[in-house]
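The values are calculated or read from the model by the stated rules, or taken from the named source; none is laboratory data. Only a predicted model underlies this, so the values are computations on that prediction, with no experimental measurement involved. Here Cβ is always computed from backbone atoms with ideal geometry, including for glycine, and neighbour counts include all displayed protein chains. Surface accessibility is based on the protein's heavy atoms, side chains included, excluding ligands, DNA and RNA. Shrake-Rupley method; radii C 1.70, N 1.55, O 1.52, S 1.80 Å.
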Amino acid sequence: MGQSGAVLLGRFSFDQGGESIWMSTLVQTVAFPIVFFSLFFPHPKYNSGTTDLTMHSSTHTLIMVYFLLGILLAGDNLIDTIGLLLYLPVPTYSLICASQLAFNAIFSILINAEKLTHDNTKNATKNKHMVGIWCTLGASAGYALLLCLMQLSLERVLKRETFSVVLEMQIWTSLVASCVCIVGLFSSGEGKGLEDEMRRFKAGREVYMLTLVGTALAWQICSVGVVRLIYLVSTLFSNVMSMLSLPLVPVAAVLLYHEQMEGVKIVAMLLAILGLSSYIYQNYLDETKSKETTIRATDTPETSISG
């Protein structure tokens, strides 16, 4: 839901006149300081390990891991923003994002698809539309790669059974990504035009600020949930859960922004729902089978003794 809200708020900001690409990229990570508050809450169920940063990895290794993940996160957010805000309507963007699952499955095997249609959107030629499609596909692939690398880092580098490590990863990678975006914001010259952008914002300066804050909070909620699921379950499961709200975004875009939802996209959305439902049901069957196997294993010694 955090991802869906962030996407819709980002589109709202752009439609109202918020055209800064680097600012839209920055808000995806800049709210990371609120994660610090979570470090002060106990996590007795998962906090069974040590919190010593150098217990399993050197500080130099940790810095390199967080730096590289942060650079990848910033780059992925940038091309994702370009695809959504400049060239694609929300329904098309959301459906293409479903390709994350395919990329995630590939990267999961290596490290630990979908037919596209064209829309007649405002200010977007056919060539620009293709740029948006490729940017979104690239962002989906980059995000899937990022999740797999996060899981690899948790398992091979950090090696600590504590939820605090998840929050630390979220904080430091977001810090690096935010710094990259700030540098890009001012080096590109967009920083100088922010005052004019606020003044031109159709809904007003206050709504402009509230939209940025709301988008930043929504992305942070999404990010913490994604990283936590990687820690507790797996990268693939985390990606599937983040796709659960995917069908809601095109519907909301049609209702709020009056964007077109063609028959082919409706079929694609229904297929996405079917795929997600099948995955969840298969997980349920596997869990039920695992429990039955465990029960039989515990009952077998008692049977032999009574015999």
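Observations on the structure shown:
- Considering the stretch 1-41 at the alpha-carbon level, its Rg and Dmax are found to be 12.8, 39 Å.
- In Å², nearest 10: area of Met1 left accessible to a 1.4 Å probe: 150 Å²
- Measure of compaction for the stretch 134-243 (Cα Rg per 2.2 N^0.38 Å): 1.30
- Environment charge at Ile21 (Cβ cut-off 12 Å; Lys +1, Arg +1, Asp -1, Glu -1): -4
- Sites Leu210 and Ile182 - FRET efficiency at Förster radius 30 Å, r taken between beta-carbons, to 0.05: 0.90
- ³J(HN,Hα), Karplus 6.51/-1.76/1.60, whole Hz, each residue of the stretch 191-197, x for Gly, Pro: x, 6, x, 5, 5, 5, 5
- When peptides 182-193, 2-13, 228-239 are ranked by their average number of other Cβ atoms within 10 Å per residue, the highest-first order is 2-13, 228-239, 182-193.
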